[in-house]
Amino acid sequence: MDENNATQVSTANQAIAGLTDAVAPQTNLSHGSEPSGDMRDVTVDELIELFGAMRSALHRWHDAVRRHRGGPTQDTSRGQGRVLALLSMQGEMRQRDMGYILNIRPQSLGEVLGKLERAGLVTRRTSEKDRRVLLVSITEMGRACVQNCKPPFPDVNLTDEELVQFAHMLGRMVEAFDADAARLNSLPPAEANAKA
C-alpha cells in the first residue's frame with residue numbers, strides 16, 4: 001500500500017471511529033427523530049470526510065477485484081467493462097449513440113471496441129439501412145463476461161433492517177444533493193456562489 005492510500009485508510013478509520021463513538025447502534029437516524037442518549041452531534045465536515053473515505057475505499061476495492069478477476073472487462077464502472085455492461089442492457093446499438101451515452105470520444109470508443117471485438121466479446125457491423133452507421137452487439141461470450149464480473153459484495157456486518165435503513169438514508173441524501181444541484185444550476189453563477 002502506498003503512502004497516499006495508507007493516509008486515506010488512516011483518515012477513514014479515524015472518521016469511522018469518531019462516528020462509531022458518536023452514533024450508538026440502537027440510535028434511530030430516521031428523518032425527524034431526535035438523537036437519544038449522550039450522542040454528540042456529527043458535523044457536516046465529518047460526514048463529507050467519511051463519504052470521501054468511502055469513495056476511496058470503493059475505488060481500492062474495485063481495483064483489487066479487477067486485478068483478482070483478471071482484467072479490464074471485469075470492472076463495469078469503467079472502460080471495456082462499462083461498454084459491455086451498456087451493451088448487455090441495451091442490446092444492439094449504434095456506435096455513435098454509445099459514445100454519447102458513455103461520454104467517450106469516438107476515437108477512444110473505437111479503440112475499446114476494437115479490443116473487445118478481437119477478444120470475441122462484441123461484434124460490429126454496418127447498418128443495412130444506412131451504410132454510414134456502425135451497429136455494435138454483445139456476443140454470448142460478452143454476456144457471460146458481464147455476468148461473471150459482478151463481484152460478491154463484502155460482508156459489512158449489517159442486519160437486514162440496518163441495510164434497509166441505510167439504503168433509505170442514502171436515497172434521501174441523493175435526492176437532497178440532486179435537488180440542491182438543480183437549485184444551484186438554476187441560479188446565475190455569481191448568485192449561486194453567494195448562496196452555496
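Between residue 158 and residue 88, take the C-beta separation as r, use R0 = 35 Å, and let me know the FRET efficiency to the nearest 0.05.
0.75
Can you give the net charge of the other residues whose Cβ lies under 15 Å from the Cβ of residue 100, counting K and R as +1 and D and E as -1?
Net local charge, residue 100 excluded: +3.
In terms of the ratio Rg/(2.2 N^0.38 Å) built on C-alpha atoms, what value belongs to the stretch 81-194?
In units of the 2.2 N^0.38 Å rule of thumb, it is 1.52.
Between residue 127 and residue 100, what is the label-to-label distance in nm when each label sits 7 Å out along the Cα-to-Cβ direction?
1.0 nm
Grab the beta carbon distance between residue 181 and residue 48, set R0 = 22 Å, and tell me the FRET efficiency rounded to 0.05.
The calculated FRET efficiency here is 0.90.
If Rh is defined by the Kirkwood formula over all Cα pairs and Rg also comes from Cα, what ratio Rg/Rh do you get for the stretch 117-180?
Ratio value, two decimals: 1.28.
Bear in mind that the values in this text are calculations on the coordinates, not laboratory data. Note that the structure is predicted; figures quoted are calculated from it, not measured. Positions of Cβ are backbone-derived with ideal geometry, glycine not excepted, and every protein chain shown enters the neighbour counts.
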